[in-house]
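> Please read through the structure below; I'll follow up with questions.
Bear in mind that the values in this text are calculations on the coordinates, not laboratory data. Just so you know, these numbers come straight off a predicted model, no measurement behind them. Heads up, the Cβs are rebuilt from the backbone with ideal geometry, glycines too, and the neighbour counts pull from every protein chain shown.
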Amino acid sequence: MRLTDDQTQLQDSARKLMRRHAPPDVVRELDERRLYPYDLHRAWAEAGLLALAFPEEDGGLGGSVADLLIVGEEISYASPDLFMAFAGNVFCGLNIARKGSPAQRRAWLPKLMAGELRMAISMSEPGAGSDVGAIQTHAVRDGAGWRINGQKLWCTGAGADNTLLNIYLRTDREAPYRKGLSLMLVENDAEGVELRRCDMLGRRATGTYEVFLKDVYVDDSRIIGGLNQGWDCAMSGLQIERDRFLREQYGRVARGG
Ligand SMILES: Cc1cc2nc3c(=O)[nH]c(=O)nc-3n(C[C@H](O)[C@H](O)[C@H](O)COP(=O)(O)OP(=O)(O)OC[C@H]3O[C@@H](n4cnc5c(N)ncnc54)[C@H](O)[C@@H]3O)c2cc1C
């Protein structure tokens with residue numbers, strides 16, 4: 001891929017930032033002591049890297065997929081574990097940029113880009129890995145809101161401070177398979193949320209968690225993309241990790257989907 005002058009400058013800045021904030025001894029310490037990279041996350045926010053992929057109308061920098069790829073490569077060179085601390089936030093936020101209402105975009109995206117808020121994707125379950133449609137965690141109507149019950153697995157970054165879990169769950173248990181799923185945002189310290197850190201061989205700084213949800217309450221403002229539209233949200237988010245990422249590498253990240 002031939003880089004523009006701006007992209008060469010972006011690459012250089014990201015490389016210098018990672019050398020300064022995540023040299024090998026720091027990466028080793030974060031890994032050995034299972035510490036979330038808070039300082040590095042702050043540095044990403046201050047350098048505008050968390051805002052890079054977001055549309056300008058949401059306060060982002062309107063970067064392309066190629067720009068995101070350049071930064072991702074520099075972070076991953078230091079540590080693929082640290083890349084997930086970066087990407088978990090960006091991928092969840094892009095779902096909100098694509099599928100959220102104007103009010104939801106205003107509520108969450110500026111804080112995410114400023115590094116004041118983190119996000120973690122919570123799709124997988126003990127019985128729903130590749131087969132996302134098999135999700136059993138569910139929410140039922142309770143007055144003006146919803147009660148969530150179930151168990152999630154492999155939620156990377158779920159234990160960091162100020163993290164909103166982006167939880168895929170069933171809101172219509174009668175609907176067939178991929179229908180009846182919704183995406184809801186839940187604080188990781190909300191009443192009824194219990195996190196258990198998994199003992200992993202890798203990704204030990206960002207951390208990967210089991211998430212247990214017992215009668216967790218949320219209101220309608222936490223549903224992203226509309227009720228029972230979770231499958232569309234999941235697919236629009238996963239596309240950027242798959243074929244569209246390559247086909248549209250010169251396109252804007254948050255476009256369509
Ligand atoms: C380190 C780590 C971090 C993760 N972080 C997150 C996260 O942040 N959020 C989240 O939601 N999930 C996360 N995951 C979960 C990850 O997305 C799942 O592991 C993945 O979806 C696979 O699911 P599974 O592990 O249940 O394996 P399974 O789906 O049970 O698959 C097991 C094997 O069977 C194969 N297989 C499955 N179905 C088929 C089929 N139809 N045809 C042929 N082969 C098939 C698979 O390729 C695989 O080799 C993480 C996983 C790991 C290991």
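> Using 1/(1 + (r/R0)^6) with R0 = 35 angstrom and r between the beta carbons of Ser101 and Asp25, what's the FRET efficiency to the nearest 0.05?
Given R0 = 35 Å and the Cβ-Cβ separation, E is 0.20.
> Can you tell me the length gained on complete extension of the stretch Thr4 to Ala175, counting 0.36 nm per residue apart and subtracting the Cα distance?
56.7 nm
> To the nearest 0.05, what FRET efficiency results for Asp142 and Ser221 with a Förster distance of 22 Å applied to their C-beta separation?
It comes out at approximately 0.90.
> Note down the nm distance, to one decimal, between modelled labels 7 Å out along Cα→Cβ at Gln11 and at Asn162.
My value for the distance between the label points is 3.3 nm.
> Right, another one. With a 10 Å cut-off between alpha carbons and a GNM built on the chain, which of Gly127, Gly88, Gly180 moves the most?
Evaluated over the chain, the most mobile residue of the options is Gly127.
> Taking the radius of gyration and the Kirkwood hydrodynamic radius from Cα positions alone, what is the Rg/Rh ratio for the chain, to two decimal places?
Using Cα coordinates only, the ratio equals 0.96.
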